[in-house]
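Structure first, then comments.
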Amino acid sequence: MKQHTSLPRGTRDFGPEVMMRRNFILDNIREVFTRYGFLPLETPAMENLSVLEGKYGEEGDRLLFKILNSGDFLRKSSIEDRKESSSLVSKITDKGLRYDLTVPFARFVASNRHNLALPFKRYQIQPVWRADRPQKGRYREFYQCDADVVGTKSLICETEIVLMINEVLQKLGVTDFSIKVNHRKILEGVCEFMGTPGQLSDLSVGIDKLDKIGWEGVKKELGGKGFSEDSIEKLATILKDGQSREKINSILTGTSASDGFEEFNSMKEMLSSFELENDHVQFDISLARGLAYYTGMIFEVIIADSGVGSVSGGGRYDDLTGVFGVEEIPGVGFSFGIDRLYDAMEHLDLFPVDDIKATEVLIVHFDDECFRYGLGSLKLLREAGIASEIYPDSTKLRKQLGYADKKGIRQVIIIGSEEMKTGNLTLKSMETGEEKSMGVNEIIRTLTTRNG
RNA sequence: GUGGUUGUAGUUCAGUUGGUUAGAACGCCUGAUUGUGGUUCAGGAGGUCGUGGGUUCGAGUCCCAUCUUCCACCCCA
C-alpha cells in the first residue's frame, strides 16, 4: 500500500541542487557578517508563549504556531474552558514556534545582559514560522538572516548596514538594487506638519502603500482613517513626485524631522569615508515599514526586476528589551530574507553554473578485487582534499559512467586488472573523453594543481 | 482570517455533451554494447485521475466536503 506523501502547506524540501545554491548565498552572508565583527547566535525553535505573545500586535498573535502540551491536558481544563477556543488554548499550550529572530534575541539579551560585553554584535541565521496563508515568495517556514548591534547609538552601525548590504549583493552578482532609507523621526515630522500628531501608525501604514495603490488610493485610505482633507492636502505637498530630500527637509523645518535628516546626512558623510563607487542609498519618504518598535532610521532593499518584494529590511530601535522589564538597551539591526533572495537570483539567472558540483572524481571498477584495490586510492584522494567517491557496486562500466555523467562528476578513475598489474590507473575526463594512464600520486597532483 | 483558483504517470501536460481497456512528451529500467557515459535504435515498467462522500445504468468529466496550489485582501521576509 502506497502511503501518500505530502508536506504541510507552505513548507518545502530543499533538494541538493537547491541547497548548493542556498548555501552559496548563506556562505557569502555569513562571511560578510563575520568580517564586520558579528558573532553567531542560535536560539531554540520554540519559546514560551509568554515571550512571544503581545510582541507583534493582534495580527502577529494570530500567526503564531502553538505547540500542544504533552499528556492528558484536557483533563485539567474545565467545561467552561471548552466553550471558547481562546480560553481553552491557554490551558493546553504554553509554547510556540518563533515568529522572527528579533524577539528571541531580545529575550537572550535581557537574560544575559550582565555577561554581555556591550556593544554586542550578533548574527543569527535560522528558520522562523508563521501560520500565514502562503503565496509565491511567502512561506509558512522560511529563513531569516539577522545582524544586530545593541548597546550603542552610534551611526556607524547604520553605516555598516549599508556597507554590508552592498558587499553581500555584490558578491552575489546583484548590481541593480536600491537601499531605501527613511527615518521614523521624519515620519513623525510629517505627522506634526499635517497637524495630526499621534496618528503616526495609521499614516505609516497608509503611505507605505504609495507604490502599490498610488496617491489616490492612499488619499482614500487615510480619509477612511479619519484624516481631514486639510491634513491630506499638506501631505500631498510632501509626497509630490520628484520632491527632493532638501525640499522636503525645508518644508518640514521646525518639526521632529530635522533630527532625522541630520542623522541621515551624518550617515551619508560617514559612508563617504569608505569610498564606494555607488552606495545605492536612496532616500524614500514613503518607506514606513509596519513594525512599531522602530525609532530611528529604517531600511528596505529592493532588487530591480526581481519579481519579488523586499529582500532585506531593518532599522533602529531605542528599546529592544523594555518588554522584558530590563532597562533600555538601544540597538539597530537588519535581516536578509534568503528565500526571496534566492527567488530573485533565479529570476535574474545569477547563480554561477560551475559552483554546482560536489564530487570531483569517481572511482569505477570491474569486480570485487578492483574495488578493494580502489579503496586505497580513495583514501589517498580524500587525504589530499579531493572530493571523491567509489562506485559501491561491481557492475558494468556503462552504468558506473552513467552515474558519473548524471551527477556531473568530471573525472573518473578506471581500475581493472590491467591497471592493478601496472599500478598505472586510467584517468578519464568526462568532458573531453580523453584518457591518461598514470599512478595515483600523479593523478592527485594533476587534480590539485588544476583546482589551485 | 475573507474571497477566488488549481489538482490526471517521477515531471510537464492532453483527455470531446458523462460512455468500452485514461494518452503523449520527457525521465526511469532492460537490451543492442560482458573494459567505456552523453547520441541513436528496440523493448519494458509505472495511474484506486489529490482524498472522502453523493448524483447516475455508468463519473477523470456533474454536486458537496476536505486537503493542496496559485492569486487578491489583511499582513509581511
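List the number of the failed condition for A:Thr43; all other conditions in (1) over 24 Å from A:Leu341 (Cα atoms); (2) part of a loop (DSSP other than H, G, I, E, B); (3) among the polar types (S, T, N, Q) hold.
It fails just one condition, (1).
Can you tell me how many residues within segment A:1-40 are within 16 Å of RNA strand B (Cβ to nearest atom) and in a loop (DSSP other than H, G, I, E, B)?
15
When you look at A:Phe324, is it within 17 Å of A:Asp208 (Cβ to Cβ), touching a residue at least 24 places away in the same chain (Cβ under 8 Å), away from RNA strand B (no atom under 16 Å from the Cβ) and in the same structural domain as A:Lys247 (by TED's automatic domain parsing), yes or no?
So A:Phe324 does not fit the description; no.
Quick grid of which residues meet (1) within 32 Å of the chain's Cα centre (by Cα); (2) in contact (Cβ under 8 Å) with a residue 40 or more places away in the chain; (3) farther than 21 Å from A:Ile298 by Cα:
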position: A:Asp202; (1), (2), (3): yes, no, no
position: A:Gly217; (1), (2), (3): yes, no, yes
position: A:Glu221; (1), (2), (3): yes, no, yes
position: A:Phe227; (1), (2), (3): no, no, yes
position: A:Ser231; (1), (2), (3): no, no, yes
position: A:Lys234; (1), (2), (3): no, yes, yes
position: A:Leu239; (1), (2), (3): yes, yes, no
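Quick check on A:Leu169: is it surrounded by 17 or more Cβ atoms within 10 Å (Cβ to Cβ), within 16 Å of RNA strand B (Cβ to nearest atom) and within 23 Å of the chain's Cα centre (by Cα)?
So A:Leu169 passes the test.
Kindly evaluate A:Ser377 against the criterion of being more than 16 Å from RNA strand B (Cβ to nearest atom), farther than 30 Å from A:Ile165 by Cα, among the hydroxyl-bearing types (Ser, Thr, Tyr) and surrounded by 15 or more Cβ atoms within 10 Å (Cβ to Cβ).
no
Please work out which one of (1) away from RNA strand B (no atom under 15 Å from the Cβ); (2) at pLDDT 95 or above; (3) of a type in the set (Val, Ile, Thr) is the condition A:Thr449 fails and give its number.
The one condition A:Thr449 does not meet is (2).
Starting from residues that are more than 15 Å from RNA strand B (Cβ to nearest atom) and part of a loop (DSSP other than H, G, I, E, B), keep the ones in segment A:383-403 and report whichever is surrounded by the most Cβ atoms within 10 Å (Cβ to Cβ).
A:Ile386
Output the residue which, of all residues in segment A:428-442 that are of a type in the set (A, V, I, L, M) and free of Cβ contacts under 8 Å to residues at least 40 places away in the same chain, is farthest from A:Pro392 (Cα to Cα).
Checked segment A:428-442; the qualifying residue farthest from A:Pro392 (Cα to Cα) is A:Met438.
Can A:Gln144 be described as more than 25 Å from A:Met270 (Cβ to Cβ) and either at pLDDT 95 or above or part of a loop (DSSP other than H, G, I, E, B) (or both)?
So A:Gln144 does not fit the description; no.
Take the residues in segment A:420-434 that are modelled with pLDDT of 95 or more and within 6 Å of RNA strand B (Cβ to nearest atom), then tell me which one is nearest to A:Gly376 (Cα to Cα).
A:Thr426
Restricting to segment A:404-445, count the residues that are part of a helix (DSSP H, G or I), in contact with a strand residue (DSSP E or B) (Cβ under 7 Å, 6 or more places away or on another chain) and more than 18 Å from A:Gly374 (Cα to Cα).
Going through segment A:404-445 one residue at a time, the tally reaches 0.
Filter segment A:304-319 down to the residues that are more than 11 Å from RNA strand B (Cβ to nearest atom) and under 17 Å from A:Asp339 (Cα atoms), then identify the one that is nearest to the chain's Cα centre (by Cα).
Across segment A:304-319, the extreme among qualifying residues is A:Ser306.
Across segment A:331-354, what is the number of residues that are crowded, with 22+ Cβ neighbours inside 10 Å and away from RNA strand B (no atom under 15 Å from the Cβ)?
Total meeting the criteria: 1.
Is one or more of the residues making up segment A:256-267 free of Cβ contacts under 8 Å to residues at least 12 places away in the same chain and more than 16 Å from RNA strand B (Cβ to nearest atom)?
yes
On the given criteria, is A:Arg184 away from RNA strand B (no atom under 16 Å from the Cβ) and not polar (S, T, N, Q)?
For A:Arg184, the condition - away from RNA strand B (no atom under 16 Å from the Cβ) and not polar (S, T, N, Q) - is not met.
Of these, A:Val412, A:Val440, which one is over 39 Å from the mean Cα position of the chain (by Cα), within 16 Å of RNA strand B (Cβ to nearest atom) and either among the β-branched types (Val, Ile, Thr) or surrounded by 14 or more Cβ atoms within 10 Å (Cβ to Cβ) (or both)?
A:Val440
Tell me which residues, restricted to segment A:46-62, are surrounded by 13 or more Cβ atoms within 10 Å (Cβ to Cβ) and more than 16 Å from RNA strand B (Cβ to nearest atom).
The answer is A:Met46, A:Glu47, A:Leu49, A:Val51.
Need pairs with beta-carbon distance below 8 Å; first residue closer than 18 Å to A:Asp367 by Cβ and within segment A:384-406, second near RNA strand B (Cβ under 6 Å from one of its atoms) and β-branched (Val, Ile, Thr); sequence gap 6+ or separate chains.
That search, which allows pairs on different chains as well, returns A:Leu397/A:Ile414.
Determine if segment A:261-269 includes at least one residue that is under 29 Å from A:Lys121 (Cα atoms), basic (Lys, Arg) and within 20 Å of the chain's Cα centre (by Cα).
no
Check whether at least one residue in segment A:368-380 is touching a strand residue (DSSP E or B) at 6+ places or on another chain (Cβ under 8 Å) and of a type in the set (Lys, Arg), and report yes or no.
The answer is no; no qualifying residue exists.
The values are calculated or read from the model by the stated rules, or taken from the named source; none is laboratory data. Note that the coordinates shown come from a computational prediction; the quantities given were computed from them, not determined experimentally. Note that we place each Cβ from the backbone using ideal geometry, even for glycine, and neighbour counts take in every protein chain shown.
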